[in-house]
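Peer 1: The structure under discussion is supplied below as structure tokens; questions concerning it will follow.
The values are calculated or read from the model by the stated rules, or taken from the named source; none is laboratory data. Bear in mind that the values here come from a model prediction, so they are computed numbers and not experimental data. With ideal geometry, Cβ positions are generated from the backbone for all residues, glycine too; neighbour counts draw on all protein chains shown.
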Number of protein chains: 2
Amino acid sequence: MPGAPVEPHLFIVLGGRGDLMRRKLLPALARLILQGFLKEDCQVLGAARSPELDDGKFRALAREALAAADLFADDQIARWCDECLHYQPIGRGGTEDYRSLAARVEALERAYCLPGNRVFYLAMPPAAFPNAITGIGETRLNRGPGWTRLVIEKPFGRDLASAQELNRLIHRFFDESQIFRIDHYLGKETVQNLLVFRFANAIFESLWNRDRVESVHITVAENLGVEKRADYYEQAGALRDIVQNHLTQLLTLVAMEVPAAFEADAIRYEKVKVLRSISPIRPEDVVFGQYERAPMDDGDVPGYREEPGVAPDSTTETFVALRLEIANWRWQGVPFYLRTGKRLPRRLTQIVVTFRYPPVSLFRPFDACEIHANVLIITIQPDEGFDLSFEVKAPGQPITLLTQRLHFRYAEAFGPLPDAYETLLLDILTGDQTLFVHADEVEASWRLYTPLLEQKPPVHPYPARTWGPVAADHLLAREGRQWLNL
Amino acid sequence: MPGAPVEPHLFIVLGGRGDLMRRKLLPALARLILQGFLKEDCQVLGAARSPELDDGKFRALAREALAAADLFADDQIARWCDECLHYQPIGRGGTEDYRSLAARVEALERAYCLPGNRVFYLAMPPAAFPNAITGIGETRLNRGPGWTRLVIEKPFGRDLASAQELNRLIHRFFDESQIFRIDHYLGKETVQNLLVFRFANAIFESLWNRDRVESVHITVAENLGVEKRADYYEQAGALRDIVQNHLTQLLTLVAMEVPAAFEADAIRYEKVKVLRSISPIRPEDVVFGQYERAPMDDGDVPGYREEPGVAPDSTTETFVALRLEIANWRWQGVPFYLRTGKRLPRRLTQIVVTFRYPPVSLFRPFDACEIHANVLIITIQPDEGFDLSFEVKAPGQPITLLTQRLHFRYAEAFGPLPDAYETLLLDILTGDQTLFVHADEVEASWRLYTPLLEQKPPVHPYPARTWGPVAADHLLAREGRQWLNL
């Protein structure tokens, strides 16, 4: 339940020396400390390979990371680093290493009088998940005297079979109610607000169906290229990296039925129902792309195949656009278009709901009276907010319609939004699974996309800093639509 | 048709020395000149009692009026005053006076080679209407070689019988298609935009019915008192001054069905249909009020009975609130609340459409999750625009709903709006009756309100600069509602 207190616990980060720990988890924990959600009975244990680290060095690294995040001005944070952070080397993660970890966990629990509540956060590459899960399970670290929670980051498998295998392994040692699969998009305020927007605003919910909605577009655009992640990305590609998880999560939240209650199980049940109602995606409805070198005023942008660590003949897709339909009573016949890509013109995550045209255009006899459909734009990043386009009369004669926007921006109303990890960590620590991904969702999503990986569509090149291959525009144009690139 | 050209004509203002001419008609004509809608073949003839005025003095007065409206900087306007303005005294308006007027009209038409198109604008007190109409008719001024249009200002009668009588008299000499009854509210951009808003925006039209709308409030609030108009106001009162015309026009535009076309006849037909569907107003659904002296920081505000020209025991109502229902398929069961008053806290004309609550509150289990209904606020003056209130999640945990607004302001998008008279004059000159009131509308409206005049409800006092008598709040409170005083 949101709002429940955080019970005393030990927060164990496997991969505690990594990027995620430094850039996301430590700052999020520190902000929760500052807001009073965490007390000194919440201890943190970083575990990683490095044998040369100890508590002192680990704390020094943490202080650096927090200073970089502008969080070290406060005495409280300095004290927290010194009193609540610990380190345990786990080498290559053999049985002996996990036995040492178990001994350390128990020692800390005794030293700090903790009731044995444990969070295991797997902040490591996915290849290391099975060994870590087995290590935790076989040393019975998952059987402490209190509750145990397992947090894992995407990717959850790389296709249906591997996802099922991973879920089977996790379920050997953990019950689904203990597992927190993180899709950090779900921690974003705007994404959470999608549900509030839909179910607390009767007017929108009454428009939210095939009678009123003409089409839905969801875009997750990145302006960056593959950066330093070529190792991972060459194996993954955009479908695994973004479509199967983030884009599909957004899709299910947009399309789901009203849940029976605002609770994890009820919501996740409805999300799975959406996934199961999606018709198989037709090959002609999918466009893969890969960015190519493009000359720019500020210097050439390299193509994907020129990036360090990428094979010169790589066919990894850095762009996916696809069309799908949800064959249920609410959505039959309404196309949903999903799109993601690297090196697009800008960073943008946006849901665009286009409503149907007025059945009759009363204003057609007049010049300049082309009517545009109403469009609801939900922007998730950057500049989070809502825009509802509508037609107004321009002042003066003759009647001229202009499209204007009713708009709302979170930052104008509330100032900066909390980081997604802050939200998600608090949910993990209070045991609220609403914003986490259920095994059934993972598998239903892979079931949908795995055929596209098995029979991979051709990969069309597109110049860096454009909105993807022309074929992605055709996907909509053939039905008289176009992407909204705002 | 809007956008049609203005044909050469003579614009005859009866009451050409009055307030309306000086403050509204001359500035509006001048702005139309500056925008190129009117040319030098559009001549203006002021007619009034004053025998001491002549063309020269009349032009001098016009120049003063235009200078006061900041419209005299332009050479073009100076030339227009000298070359296009004329004056004809008509004394007490006897037959001889109208014969002289007719001779002058024909002389001007010859002198300026005009085709005999004539506008007769009755800018005079309503008591003078019958004599003027008869004068025009009996001298056959209404039978010129071109078209003839008659413009009259409210009030159109003071009850059903007098309105019918006035209409009968007008119809002796003019066809309904020649009659332009002005309700200047209809010239306001925001009022015209009501129709565009409703019929060019499919999402709102689909919400615009008893299934989705919980109630509608329409407020025309004035912060001024009776000022110098006690003579008129003592005879009129708020019901005749505002409710029967302005408020009822707003009501019909909000409630009407989609017309067959965006044309005068089709729209006026739908407006009459709304009026005929309104159930008789029950006496217990009407509150009359009269403002009383109120002490203020900046000095006492006098009560209505203390105003110069008002009887010390006057029972004239300066405030009306009422509830009515429209018994048709679209609106059955949805209450419409109308309200107007003088000396209210501020000047405000606003339509508030409150939508129904979500049928289920998913967020009720959480603290601070009282859901508010969505509300559409259409502000007609001041600060014209639209606001749509909706619920969002406040950032952070636990889930807290806050009401925020999607908003749009005309001034932000388009700068200052044209004056209503500018719009209406251009429509008169191009023959577009869409924004004018049909005889049937006048009579249907009086049919609705005359019973309230015949059996006048008690007049409750209210302190100046408050939102009217407590009884007006009870009118809504007894059904669990309240006025929105934004």
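Peer 1: Pull up region A:373-414, narrow it to residues that are at the interface with another protein chain (Cβ under 9 Å from one of its Cβ atoms), closer than 30 Å to A:E189 by Cα and part of a loop (DSSP other than H, G, I, E, B), then point me to the one that is modelled with the highest pLDDT.
Peer 2: A:N374
Peer 1: If you take the residues in region A:221-237 that are charged (D, E, K, R) and more than 17 Å from the chain's Cα centre (by Cα), which one is nearest to A:G289 (Cα to Cα)?
Peer 2: So the first thing to find is which residues in region A:221-237 are charged (D, E, K, R), and the list is A:222, A:227-229, A:231, A:234.
Subsequent filtering for residues that are more than 17 Å from the chain's Cα centre (by Cα) retains A:227-229, A:231, A:234.
Working: A:E227: 17, A:K228: 20, A:R229: 18, A:D231: 19, A:E234: 14 Å.
So the residue we want is A:E234.
Peer 1: Moving on. Being over 20 Å from B:Y449 (Cα atoms) and surrounded by 20 or more Cβ atoms within 10 Å (Cβ to Cβ) is the filter here; which residues of region B:332-350 pass it?
Peer 2: Hits for region B:332-350 are B:R343, B:L344, B:T349, B:Q350.
Peer 1: Of all residues being buried (at least 16 other Cβ atoms within 10 Å of the Cβ) and either hydrophobic (A, V, I, L, M, F, W, C) or out of contact with any helix residue (DSSP H, G or I) (no Cβ under 9 Å at 6 or more places or on another chain) (or both) in region A:118-127, which is nearest to A:A236 (Cα to Cα)? Just the residue, please.
Peer 2: In this case the residue turns out to be A:M124.
Peer 1: Something else now. Of all residues being acidic (D, E) and more than 13 Å from chain A (Cβ to nearest Cβ) in region B:229-269, which is surrounded by the most Cβ atoms within 10 Å (Cβ to Cβ)? Just the residue, please. If you could, list the steps in order and put the result at the bottom.
Peer 2: Pass one, region B:229-269, residues acidic (D, E): B:231, B:234, B:241, B:257, B:263, B:265.
Narrowing further to those that are more than 13 Å from chain A (Cβ to nearest Cβ): B:231, B:234, B:241, B:265.
Working: B:D231: 12, B:E234: 16, B:D241: 25, B:D265: 15.
Taking the candidates together, the pick is B:D241.
Peer 1: List pairs: first in region B:26-47 and more than 11 Å from B:L426 (Cα to Cα), second surrounded by fewer than 16 Cβ atoms within 10 Å (Cβ to Cβ), Cβ under 7 Å, 6+ apart or cross-chain?
Peer 2: Filtered contacts from region B:26-47: B:L34/B:D74; B:L34/B:Q76; B:E40/B:E83.
Peer 1: Out of everything in region A:247-302 that is of a type in the set (G, A, S) and modelled with pLDDT of 95 or more, what residue ends up being nearest to A:T466 (Cα to Cα)? Walk me through how you get there before you give the answer.
Peer 2: Initial filter on region A:247-302 (of a type in the set (G, A, S)): A:255, A:260-261, A:264, A:266, A:277, A:279, A:289, A:294, A:299.
Filter again for modelled with pLDDT of 95 or more, leaving A:255, A:277, A:279, A:289.
Numbers: A:A255: 29, A:S277: 33, A:S279: 30, A:G289: 11 Å.
Filtering first and then ranking leaves A:G289.
Peer 1: Still on this structure: Please verify whether region A:18-36 includes one or more residues that are within 14 Å of chain B (Cβ to nearest Cβ), farther than 19 Å from A:T148 by Cα and touching a strand residue (DSSP E or B) at 6+ places or on another chain (Cβ under 9 Å).
Peer 2: From region A:18-36, those within 14 Å of chain B (Cβ to nearest Cβ) are A:28, A:31-32, A:34-36; that's our starting set.
Going one step further and asking which of them are farther than 19 Å from A:T148 by Cα, we end up with A:28, A:31-32, A:34-36.
When the remaining residues are screened for being touching a strand residue (DSSP E or B) at 6+ places or on another chain (Cβ under 9 Å), the result is A:32.
Among the residues of region A:18-36, at least one is within 14 Å of chain B (Cβ to nearest Cβ), farther than 19 Å from A:T148 by Cα and touching a strand residue (DSSP E or B) at 6+ places or on another chain (Cβ under 9 Å), which makes the answer yes.
Peer 1: Only one residue in A:I218, A:I152, A:I170 is more than 12 Å from chain B (Cβ to nearest Cβ), within 14 Å of the chain's Cα centre (by Cα) and over 26 Å from A:F336 (Cα atoms). Which one?
Peer 2: Every option except A:I152 fails the conditions.
Peer 1: Looking at the structure I just gave you, is B:L275 touching a strand residue (DSSP E or B) at 6+ places or on another chain (Cβ under 7 Å) and either without any contact (Cβ under 8 Å) to a residue 12 or more places away in the chain or in a helix (DSSP H, G or I) (or both)? Quick ask: steps written out before the conclusion?
Peer 2: Numbers: touching a strand residue (DSSP E or B) at 6+ places or on another chain (Cβ under 7 Å): no; either without any contact (Cβ under 8 Å) to a residue 12 or more places away in the chain or in a helix (DSSP H, G or I) (or both): yes.
Criteria not met by B:L275.
Peer 1: Quick check, is B:I152 in a strand (DSSP E or B), aliphatic (A, V, I, L, M) and in contact with a Lys or Arg (Cβ under 9 Å, 6 or more places away or on another chain)?
Peer 2: Yes: the conditions hold for B:I152.
Peer 1: Also: Suppose we keep only residues that are out of contact with any helix residue (DSSP H, G or I) (no Cβ under 7 Å at 6 or more places or on another chain) and either surrounded by 22 or more Cβ atoms within 10 Å (Cβ to Cβ) or within 14 Å of chain B (Cβ to nearest Cβ) (or both) within region A:270-288. Which one would you say is nearest to A:E306 (Cα to Cα)?
Peer 2: The qualifying residue nearest to A:E306 (Cα to Cα) is A:F288.
Peer 1: Let me ask another. Within region A:429-444, restricting attention to residues that are within 11 Å of chain B (Cβ to nearest Cβ) and surrounded by fewer than 20 Cβ atoms within 10 Å (Cβ to Cβ), which residue is nearest to A:L25 (Cα to Cα)?
Peer 2: Only one residue fits best here, namely A:T430.
Peer 1: Since A:Q43 meets every condition but one in (1) assigned to a helix (DSSP H, G or I); (2) over 26 Å from the mean Cα position of the chain (by Cα); (3) surrounded by 19 or more Cβ atoms within 10 Å (Cβ to Cβ), which condition does it not meet?
Peer 2: The one condition A:Q43 does not meet is (1).
Peer 1: Among (1) within 12 Å of B:L85 (Cα to Cα); (2) in contact with a Cys (Cβ under 9 Å, 6 or more places away or on another chain), there is one condition B:V6 misses while meeting the rest; what is its number?
Peer 2: Condition (1) is where B:V6 drops out.
Peer 1: Report yes if B:L426 is at pLDDT 90 or above and facing chain A (nearest Cβ under 9 Å), otherwise no.
Peer 2: Here the answer is yes, as B:L426 does meet what is asked.
Peer 1: Applying the selection to region A:444-486, what residues are over 23 Å from A:E234 (Cβ atoms), of a type in the set (A, V, I, L, M, F, W, C) and either in a loop (DSSP other than H, G, I, E, B) or over 24 Å from the mean Cα position of the chain (by Cα) (or both)?
Peer 2: A:W467, A:V470, A:L475, A:L476, A:A477, A:W483, A:L484, A:L486
Peer 1: Within region B:314-351, track down each residue that is among the aliphatic types (A, V, I, L, M) and either within 14 Å of chain A (Cβ to nearest Cβ) or part of a loop (DSSP other than H, G, I, E, B) (or both).
Peer 2: Narrowing region B:314-351 to residues among the aliphatic types (A, V, I, L, M): B:320-322, B:324, B:326-327, B:334, B:338, B:344, B:348, B:351.
Once the filter is applied, which keeps residues that are among the aliphatic types (A, V, I, L, M) and either within 14 Å of chain A (Cβ to nearest Cβ) or part of a loop (DSSP other than H, G, I, E, B) (or both), region B:314-351 yields B:A327, B:V334, B:L344.
Peer 1: When the residues of region B:182-211 are narrowed to those that are basic (K, R) and at pLDDT below 95, which ends up surrounded by the most Cβ atoms within 10 Å (Cβ to Cβ)? Walk me through how you get there before you give the answer.
Peer 2: First pass over region B:182-211, keeping only residues basic (K, R): B:188, B:198, B:210.
So of that shortlist, the ones also at pLDDT below 95 come out as B:188, B:198.
Working: B:K188: 23, B:R198: 17.
Filtering region B:182-211 for residues that are basic (K, R) and at pLDDT below 95, the one surrounded by the most Cβ atoms within 10 Å (Cβ to Cβ) comes out as B:K188.
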